[in-house]
Every structure is written in structure tokens, then in C-alpha cells.
Amino acid sequence: MADYATLGHYLPYLLGRRLRAVVWPPDGGERALALFLLSIMALYGVGFGFMLNHQTQRGLAEVLPKLLVGLNAAWLVSTLLVDFLPSLRPVTRPLPEHFPVSERQNVVTAFLLDLITLRRLMLVLGLLLALLVAPRHALVPGFSLLLILGATVLSFNMRLLVTLGRWRHPLLAANLLSLALMGWWLAVPLAPYATALGVGMALLPWLVGVAQLYWLAQYFSARYLPAATATTAPSATLARLPLEWKVYLRKVWLPLTVGLVFKAVLLSATGLSMVKDGKVTNPGFFYLGLLPIVSFTYVNNNLFAYLGSLTANELMRLGLTRRLLALYLRLVLPVLLLDCLLSATLVLVLFPVSLWHVLGLLPLASAALLSVGLWASLYHAKPVIKAIDFANMRNNTSGLMSGVSLGLGAALYFMPWWWARIALALLVAASAAWPLRQVLRNDGELRRKLWKAIGT
């Protein structure tokens with residue numbers, strides 16, 4: 001009977017709950033950040049549509065084809081990176097074994113739930129708005145949308161094979177062929193056969209997915225799914241480090257690595273292909289790679305919660321003391337220095353001399369973000385209870401303070417006057433005087449708030 005059971009009311013309920021969790025999370029900070037990101041992407045979509053409507057203009061006609069290739073390539077790579085790097089995100093069974101739902105229906109449900117993510121909703125929203133603004137050029141955002149959906153299906157197909165332990169299955173070759181078709185379509189955007197190739201690269205992953213659903217979905221049960229194992233950094237590399245660094249790196253080596261790889265990829269791509277006449281053509285993304293923002297939005301805006309028992313032991317024995325402040329600086333400053341050194345090296349090597357002045361933003365942003373990180377770690381700490389992987393890392397820090405970090409970086413980068421940048425950085429850095437004062441006073445209310453927030 002289980003093979004013929006229907007999902008009934010389970011599927012609408014699960015999809016609705018997933019959509020609400022992504023677009024309207026219960027935490028106010030996360031909700032504000034999600035709506036802010038969706039709004040920004042909506043503006044990008046309207047601007048993209050405006051560019052398509054005016055693509056015949058002289059300057060735009062030369063830049064637009066390369067821009068489209070770059071955007072499509074970035075969307076394809078990000079769709080795959082989010083699931084495969086730095087570790088593979090397995091496909092999990094969404095319904096318990098005792099539910100009267102077949103394995104095939106579980107696979108379909110897992111795919112639909114996997115489809116609903118904030119990043120994917122942002123991309124789809126931007127492309128749909130571009131399509132509405134520029135209906136005469138609907139093929140351009142339409143094929144980009146098909147590329148994103150096809151890459152999503154491709155990612156799910158390959159992860160399902162690995163989850164089931166069938167990574168040597170012949171269907172893996174079909175998935176790799178799908179990926180090759182996507183790369184081919186990106187490489188020849190103006191070829192006469194580009195439209196037919198685009199249809200093929202969009203449809204093939206779905207056909208492969210149907211084949212996997214027919215042949216392999218029957219194995220999507222607890223009997224065949226391996227037990228999940230925790231991912232930790234190799235202990236041998238941590239043996240000689242101080243205790244706080246052992247605790248810190250065991251928890252955060254994955255998000256910190258992701259942040260540094262993101263920075264290297266973004267700055268390299270910008271320096272090699274997105275600089276024209278001494279100016280960056282994608283400043284909206286360039287500042288994210290230049291400034292040391294990612295390590296704070298992923299980790300250091302919730303440092304004391306990541307340290308967990310180490311922070312709890314300090315609070316229980318001594319309360320809030322200068323030792324806690326010293327712990328914050330000992331861990332955050334080396335990471336911040338490494339982040340800035342990587343930015344400076346890539347800018348000096350890959351960018352023209354006319355852009356070297358942006359390196360002056362690194363010390364300003366560092367001082368300001370240190371202050372924001374201290375505020376967030378003390379007053380907006382939250383338990384680290386979610387899986388630390390590529391898709392969920394941002395959920396382990398306060399959404400509100402991550403938005404503050406992103407907004408502060410954007411303000412420092414886009415302000416036209418250096419005196420205003422310096423004033424803003426000094427003002428934000430000076431605001432750390434209040435949490436410093438409260439910590440040195442061993443303020444009882446803050447101590448209890450932090451103790452409760454870190455989940456001890």
C-alpha cells in the first residue's frame with residue numbers, strides 16, 4: 001500500500017512551512033535581512049530589465065553580451081557551490097519511515113523542499129521582474145531562469161546519487177553531460193544554435209531526474225541511507241594550538257574557509273574580467289570580496305556562542321571580565337589580519353594602480369567591524385544549533401547584525417568622500433565603549449542575557 005499512497009495534506013503543509021521559514025522566519029533580525037535581500041534583488045531585476053530595454057545604446061551594446069555571460073556563469077557556479085563546497089550537502093528523507101508515503105514520493109518532496117531557499121528565491125525574483133520589465137527580450141532572463149532551475153535539478157540528481165551510495169551509477173555520466181551542455185551554452189551565447197542548445201541544457205537534467213526517480217528512488221529509505229556523521233577538522237593540525245584556538249577552529253574552520261575561498265574567487269573574477277577603463281564594473285559585489293565582511297557575518301558576529309562551553313565556563317567562574325575581551329581579540333584579530341592580507345595581495349596583483357586607493361578602506365572597515373562584532377557577540381548572541389554547512393552558515397549569527405555589517409561595508413565603499421568614511425568608521429569603532437564598559441563592570445543583566453543566549 002505504501003507504494004500507492006498519496007502525500008495528502010503533507011506536501012502543501014511542508015512546502016508552506018518551508019516557504020514561511022525562508023521568507024518570514026520567526027527571528028526578527030533574520031526576517032528583516034531576508035526582506036532586505038529580496039528587496040535588493042528586486043531592484044537588481046528592475047535594473048537588469050531596464051538594461052535589456054536599452055541594449056541598443058552604443059556603450060551598452062558592447063558590454064551587455066559579456067555581462068550576460070558573467071551573470072549566467074556566476075549563477076550556475078553559485079547554484080552548484082552552495083551544495084557541493086566545501087562539503088557535500090546530502091539529500092535527507094523529509095518524512096518518517098512509518099508514514100504511508102512511498103520512497104518515490106519522498107524523493108519528490110525532498111526535491112521540492114530543496115528548491116525553496118532564500119538564495120534561489122532571490123535569483124528567481126530578480127529574473128521574473130526583469131522579464132516583466134523587458135517582455136520584448138524575455139528570452140534572455142527566461143534562459144537564465146531555465147539555467148538556474150536546470151542547475152538545481154542537476155545538483156539534486158548528483159547529490160541523490162552520492163547519498164544513495166550510487167556515485168558510480170551510469171546516470172552519473174548523464175548528469176556530467178548536463179553540466180557540459182550548460183558550460184557549452186555559456187561559452188557560445190551568440191552562436192546560431194545557442195537557442196536549441198539552451199533548450200537542451202535546460203531539459204536534460206529534468207529527464208535524468210525522471211530516470212533516477214524511476215530506477216533509484218526505491219532505495220530512498222533508512223535501510224539504504226547511511227547514518228550522518230559529524231564533520232570536524234583534523235585533530236592533528238590542532239594539537240599544538242592553545243585551547244581557545246582548538247575550540248574555535250573545530251567549530252568554524254568550515255565557514256572561515258568558505259569565506260576566504262569566496263573572497264579569492266570574487267576578487268580574482270573581478271580583477272581578471274570586470275575592470276574597464278580603471279573602474280570596476282560590478283561594485284555591488286566587489287566590496288563584499290574586498291572588505292572583511294564574510295568572516296563576521298558567518299562567525300565572528302556570534303563568537304561567544306561558537307565557543308560555547310569555553311564562554312560558559314568563563315561566565316560561571318569569573319563572570320564578565322577583561323579576559324573575555326582578550327579572548328575576543330585573540331581570536332578575531334588574526335582572522336581579520338589574514339582576511340585583509342589576502343584582499344591586499346589580490347588587489348595589488350590583479351587590479352590596476354588606479355584602484356589601489358581602495359586598500360585604504362581595509363583598516364577603516366576592520367575597526368568598524370570589530371566593534372559591530374563585539375556588539376553582536378554580546379547583545380545578539382544566539383545558540384549555534386543548526387548544521388554548519390554552506391547553505392545554513394548565515395543562520396548561526398544574528399540576521400540583524402549581519403545586515404548591519406553588510407550595510408556598514410556598503411556605506412564605507414560607496415561614500416564618495418574619504419572624510420565621511422573616516423568619520424563613520426571612527427564613530428562605529430567608538431561605539432564599542434559601551435559594551436566594553438558593561439563587561440568591565442561585570443554587568444549582571446548582560447551576563448544573564450549572554451548566558452541564556454549561548455544556549456548553556
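The values are calculated or read from the model by the stated rules, or taken from the named source; none is laboratory data. Please read these numbers as outputs of a predicted model, since none were measured by experiment. Cβ placement follows ideal geometry from the backbone for every residue including glycine, while neighbour counts extend to all protein chains displayed.
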**Request:** Considering only the range 198-218, state which residues are under 28 Å from the mean Cα position of the chain (by Cα) and aromatic (Phe, Trp, Tyr).
**Result:** Trp206
**Asked** With respect to Leu325, is the statement that it is farther than 19 Å from Gly403 by Cα and at pLDDT 85 or above true?
**Response** yes
**Request:** Please work out if Val82 is out of contact with any Phe, Trp or Tyr (no Cβ under 8 Å at 6 or more places or on another chain) and at pLDDT below 80.
**Result:** no
**Asked** Looking only at the range 90-118, which residues are part of a helix (DSSP H, G or I) and over 23 Å from the mean Cα position of the chain (by Cα)?
**Response** Glu103, Arg104, Gln105, Asn106, Val107, Val108, Thr109
**Fill in**
Residue count, the range 412-453, condition crowded, with 16+ Cβ neighbours inside 10 Å and either closer than 19 Å to Phe36 by Cα or aromatic (Phe, Trp, Tyr) (or both), comes to 3
**Message:** What's the total number of residues in the range 174-197 that are within 27 Å of the chain's Cα centre (by Cα) and of a type outside the set (A, V, I, L, M)?
**Reply:** 5
